[in-house]
Number of protein chains: 2
Amino acid sequence: MAWDTERTKRLLLDAATAEFSAHGLAGARIDRIAASAGVNKERIYQYFGKKDELFATVLGTRLRAMMDEVPMTGEGPEAAGDYAGRLFDHHLADTTIPRLVFWEGLERGAAATDAARVAYHDAKVQRFQELLPGVDRAMAGEILLTIVTLVNAWPVLAHLDGYLVGASAGRTAERRAFIVKTTVAIARAALPGG
Amino acid sequence: MAWDTERTKRLLLDAATAEFSAHGLAGARIDRIAASAGVNKERIYQYFGKKDELFATVLGTRLRAMMDEVPMTGEGPEAAGDYAGRLFDHHLADTTIPRLVFWEGLERGAAATDAARVAYHDAKVQRFQELLPGVDRAMAGEILLTIVTLVNAWPVLAHLDGYLVGASAGRTAERRAFIVKTTVAIARAALPGG
DNA sequence: TTCACTTACAACTATTCAGTTGGAAACATC
DNA sequence: GATGTTTCCAACTGAATAGTTGTAAGTGAA
């Protein structure tokens, strides 16, 4: 039998991503990750180190992967709204990132200042600022944080939505439209002379 | 020695609140709750049942308490903004509720349809609707969800804020002002003829 | 005082879980 | 094909950890 180290690593990382997304750091089970990947758990310790190191690897890998999946295009408030909508769609189709982001906030608190992470978010804010000419960096970050908060929280707070608005056909599309509309309004108000 | 059942229950509930807020359901330790309360852990099972039942009790108790602590007063978009601001202040001073709400969303998913809980949120939406005459229930819920999302996510996603906007003196006040302003704008736009 | 009930705790059980070890099979290189 | 290295797993270890039990002591009512 031929060894395929990369495949083994990928299997483990994928399984770990699913496990951490579902249960967080404390709730995740190393045995479950290994079983789900069909690989002996000893491999995890060889390739990724301890549990929390694996968690950090998972989060970093995922965020870096998302970088290109939802690009910012166009210009003006409508472009900002369009970006919010596409981000909403992405996080709805795959709730991994929203869940990991909130797990991180809750379990790890102020995340370690990872250089790659800082650069990633910085580039994102800069690009967003280009979307809204005349808006300063702080306000661009403020608006972006608002968008990110709303679209990431949606899959996580589905139960609250059920309580406050109630389940209905097309509820998701409704929420999406509201977030897009709100984003456009916020962006417009932030523009010079808005 | 005279038994003081209520005091014992309160000690346990307070300790459990702190523990669950800090570590969530999976991360919380029954032994730690008992030790922190200075009470034998067997009492927990007698008074509150299993771990997840205790969690539900903690969350319900806290939410009900908050109802009175941050009342909705006045009328119109400014009143909505004022409510958002006071909610922000409350959750900033005590991050218990934001954390518990997100723990619930992540760990328990769609929460059990607790009758008291349904009634609580229903009353909240109804009261909010009175704040904005002419706005229907669905839109009132939509706006309320947006407010609740933004003010609850703030203490949990502090690390993201650091990445996107950056730490600075008065950053918190800045974010608060932005959320209040946004809330007023959203509420105004939702009013008939807005 | 007696009896039924409640409060409380120390000690226990049975299980789960992160992390390790020893060794076997596959591979690479000379 | 001999030698050293890498991949892999079954089985193990030791530490928690949720939940229980046995018992003693306090309470209240007859």
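The values are calculated or read from the model by the stated rules, or taken from the named source; none is laboratory data. Remember, predicted model here, so these are calculated numbers, not experimental data. Glycine also receives a Cβ, built like all others from the backbone with ideal geometry; neighbour counts cover every protein chain displayed. The accessibility values were calculated without ligands, DNA or RNA, using every heavy atom of the protein model including side chains. Shrake-Rupley method; radii C 1.70, N 1.55, O 1.52, S 1.80 Å.
Quick notes on this one:
- Taken over region A:42-72, the criterion of being away from DNA strand D (no atom under 16 Å from the Cβ) and either in a loop (DSSP other than H, G, I, E, B) or open to solvent by 60 Å² or more (accessible area, probe 1.4 Å) (or both) is satisfied by A:GLU53, A:ARG62, A:ARG64, A:MET67, A:ASP68, A:GLU69, A:VAL70, A:PRO71, A:MET72.
- Qualifying residue in region A:15-27 (condition: more than 16 Å from DNA strand D (Cβ to nearest atom), in a loop (DSSP other than H, G, I, E, B) and out of contact with any Gly (no Cβ under 9 Å at 6 or more places or on another chain)): no
- Any hit, region A:154-167, residues being out of contact with any strand residue (DSSP E or B) (no Cβ under 9 Å at 6 or more places or on another chain), touching a residue at least 12 places away in the same chain (Cβ under 8 Å) and of a type in the set (A, V, I, L, M): yes
- Residue tally, condition of a type outside the set (Val, Ile, Thr) and either open to solvent by 50 Å² or more (accessible area, probe 1.4 Å) or part of a loop (DSSP other than H, G, I, E, B) (or both), over region A:73-88: 6
- Among the conditions (1) assigned to a helix (DSSP H, G or I); (2) buried (at least 17 other Cβ atoms within 10 Å of the Cβ); (3) more than 14 Å from every other protein chain (Cβ to nearest Cβ), the only one that B:VAL39 does not satisfy is (1).
- Of the residues making up region A:174-187, those that are buried (at least 16 other Cβ atoms within 10 Å of the Cβ) and not β-branched (Val, Ile, Thr) number 5.
- Here B:LEU157 clears all of (1) modelled with pLDDT of 95 or more; (2) of a type outside the set (Val, Ile, Thr); (3) touching a Gly at 6+ places or on another chain (Cβ under 6 Å); (4) closer than 21 Å to A:ALA177 by Cβ except the condition numbered (4).
- Scanning region A:1-14 for residues that are among the acidic types (Asp, Glu) and part of a helix (DSSP H, G or I) yields a count of 2.
- Of the helices (runs of 4 or more DSSP H) lying entirely inside region A:105-192, the ones with 2 or more residues being under 24 Å from B:ALA173 (Cα atoms) and more than 7 Å from chain B (Cβ to nearest Cβ) are found at A:115-131, A:137-156, A:171-190.
- Of the residues examined, B:VAL101 is not one that is within 15 Å of the chain's Cα centre (by Cα) and open to solvent by 60 Å² or more (accessible area, probe 1.4 Å).
- Restricting region A:60-80 to residues that are closer than 19 Å to A:ASP14 by Cβ and at pLDDT 90 or above, the residue that is nearest to the chain's Cα centre (by Cα): A:ARG62
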